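A short write-up of the structure that comes next.
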Amino acid sequence: MIDLKDLDYDELTEYLVSIGEKKFRAEQIFSWLHKGAESYDEMTNLSKATRERLLQETYVSTLKIREKYVSKIDGTVKYLFELPDGNCIESVVMRYHHGLTICISSQVGCRMGCRFCASTIGGLVRSLTAGEILNQVIFAQKDVGERISNIVMMGIGEPLDNFDNVIKFLHNVNHEKGLNIGYRHITISTCGVVPMIYRLAEEKLPVTLTISLHAPNNEIRDTIMPVNHRYKIEELLKACKAYADTTGRRISFEYSLIHGVNDSMANAEELAKIAGPLHAHINLIPVNKVEERDFKKGSREEIQAFCKRLTELGINATVRRELGADIQASCGQLRKKVL
Ligand code: SF4
């Protein structure tokens with residue numbers, strides 16, 4: 001059985017024509033799917049015969065909300081979605097002055113093994129299909145009842161480890177007959193899978209690329225991010241430059257401040273040397289507590305001092321505002337609880 005959300009617009013058109021439908025049906029069905037229709041019966045402009053024909057070999061996939069938490073402080077909503085095979089993923093809807101942003105997952109689990117991350121405990125179960133990635137946006141938007149205008153792929157999984165499905169998802173979510181979310185409103189985060197950064201650049205989509213850097217040198221990065229054994233910082237920076245040159249988009253770096261590991265003033269200075277030539281923005285994140293690990297957050301003053309040092313060195317750096325503090329559950333924690 002085919003999930004029609006796993007097809008892009010052209011594939012959908014081709015499929016419909018192959019079963020004897022007119023081309024314009026693609027626009028109708030694509031639009032219903034993206035509006036969150038949960039069955040062909042809801043697609044009232046399709047004839048009964050068309051609906052019955054579709055049911056022979058296709059289906060409309062859905063996502064079940066298994067748990068949902070709403071922050072009383074800032075309205076952040078965290079979802080634990082259940083996939084049709086019973087696996088769970090997380091998505092978070094955040095409220096910013098420019099509208100709603102959703103953080104979505106790209107895989108069930110992750111094989112990248114970053115030491116500070118709960119999502120990788122238990123390894124990779126499987127990659128999400130293009131339809132499953134899209135469903136997070138569709139069903140979160142349906143649930144909150146407001147348009148989601150920005151997407152960050154920073155939830156569970158390494159998006160570039162699920163490259164083809166992520167690219168198909170990007171085409172679909174951007175399509176004018178669907179949710180029509182501009183590429184410039186989409187951010188992809190990677191831990192640094194260098195060859196795939198070059199491949200993403202070749203797609204020439206103006207999406208923002210953000211690198212989970214978390215260390216200012218190879219010595220530290222080797223101890224907290226296994227991907228660094230494969231691709232060293234120097235190679236990663238070269239790929240970042242190629243991405244920025246090809247797409248015209250500025251790179252940003254995510255940097256989790258781990259007390260006593262990567263948060264000294266000397267580390268700030270090393271980091272500035274890395275970010276400076278790329279004009280990269282640095283997002284500082286006070287590290288999240290993961291029960292199985294012994295990483296600690298620095299004090300608010302230490303975090304501010306680190307940020308100030310970067311700014312003094314001419315780097316555009318900010319400390320990420322903590323959203324949904326009362327519903328905690330940092331990335332990967334909800335799913336881990338269920339497991
Ligand atoms: S930080 Fe991202 S890439 Fe690293 S283990 Fe977690 S989900 Fe995977």
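Assess whether CYS114 counts as being over 28 Å from SER39 (Cβ atoms), of a type in the set (A, V, I, L, M, F, W, C), modelled with pLDDT under 95 and within 16 Å of the ligand (Cβ to nearest atom).
Spelling it out, CYS114 is indeed over 28 Å from SER39 (Cβ atoms), of a type in the set (A, V, I, L, M, F, W, C), modelled with pLDDT under 95 and within 16 Å of the ligand (Cβ to nearest atom).
If you filter the range 154-171 down to residues that are among the aliphatic types (A, V, I, L, M) and more than 10 Å from the ligand (Cβ to nearest atom), you find that the one that is farthest from CYS191 (Cα to Cα) is LEU170.
For (1) within 16 Å of the ligand (Cβ to nearest atom); (2) closer than 25 Å to LEU205 by Cβ; (3) modelled with pLDDT of 80 or more, each residue gets a yes or a no:
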{"residue": "ALA244", "(1), (2), (3)": "no, yes, yes"}
{"residue": "PHE253", "(1), (2), (3)": "yes, yes, yes"}
{"residue": "ASN262", "(1), (2), (3)": "yes, no, yes"}
{"residue": "GLU269", "(1), (2), (3)": "no, no, yes"}
{"residue": "LEU313", "(1), (2), (3)": "no, no, yes"}
{"residue": "GLY324", "(1), (2), (3)": "no, no, no"}
{"residue": "ARG335", "(1), (2), (3)": "yes, no, no"}
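Every residue, every condition in (1) farther than 24 Å from PHE163 by Cβ; (2) among the acidic types (Asp, Glu); (3) surrounded by fewer than 14 Cβ atoms within 10 Å (Cβ to Cβ), yes or no:
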| site | (1), (2), (3) |
| --- | --- |
| ASN45 | yes, no, yes |
| GLU67 | yes, yes, no |
| PHE81 | no, no, no |
| GLY99 | yes, no, yes |
| CYS103 | no, no, no |
| ALA118 | no, no, no |
| VAL125 | no, no, no |
| ILE133 | no, no, no |
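Pick from the range 173-207 the residues that are away from the ligand (no atom under 16 Å from the Cβ) and at positive phi: which of them is surrounded by the most Cβ atoms within 10 Å (Cβ to Cβ)? Full working, then the answer.
Filtering the range 173-207 for residues away from the ligand (no atom under 16 Å from the Cβ) gives 173-186, 198-199, 201-207.
Cutting the leftovers down to at positive phi gives us 180, 204.
Numbers: ASN180: 12, LYS204: 10.
The qualifying residue surrounded by the most Cβ atoms within 10 Å (Cβ to Cβ) is ASN180.
Among the residues of the range 134-172, those identified as aliphatic (A, V, I, L, M), part of a helix (DSSP H, G or I) and in contact (Cβ under 8 Å) with a residue 60 or more places away in the chain are LEU134, ILE138, ALA140, VAL144, VAL166.
When VAL108 is tested against (1) outside any loop (DSSP other than H, G, I, E, B); (2) closer than 21 Å to ASN150 by Cα; (3) within 16 Å of the ligand (Cβ to nearest atom), just one condition goes unmet, and that condition is (2). Within the range 16-39, the set of residues being more than 29 Å from the chain's Cα centre (by Cα) and either under 22 Å from GLN136 (Cα atoms) or of a type outside the set (Asp, Glu) (or both) comprises LEU16, VAL17, SER18, ILE19, GLY20, LYS22, LYS23, PHE24, ARG25. Every listed requirement among (1) in contact with a strand residue (DSSP E or B) (Cβ under 7 Å, 6 or more places away or on another chain); (2) within 16 Å of the ligand (Cβ to nearest atom); (3) part of a loop (DSSP other than H, G, I, E, B); (4) modelled with pLDDT of 95 or more is met by VAL125 save one, (3). Total residues in the range 292-307 satisfying the condition of being in a helix (DSSP H, G or I) and either loosely packed, with under 13 Cβ neighbours inside 10 Å or within 26 Å of the chain's Cα centre (by Cα) (or both): the figure is 4. If you go through the range 68-105 and keep only what is within 16 Å of the ligand (Cβ to nearest atom), in a loop (DSSP other than H, G, I, E, B) and aliphatic (A, V, I, L, M), you end up with just ILE104. Scan the range 244-289 for residues that are buried (at least 19 other Cβ atoms within 10 Å of the Cβ) and over 20 Å from the mean Cα position of the chain (by Cα) and the total you get is 11. Scanning the range 105-116 for residues that are on the phi < 0 side of the Ramachandran plot and surrounded by fewer than 24 Cβ atoms within 10 Å (Cβ to Cβ) yields a count of 6.
The values are calculated or read from the model by the stated rules, or taken from the named source; none is laboratory data. Note that the coordinates shown come from a computational prediction; the quantities given were computed from them, not determined experimentally. Note that we place each Cβ from the backbone using ideal geometry, even for glycine, and neighbour counts take in every protein chain shown.
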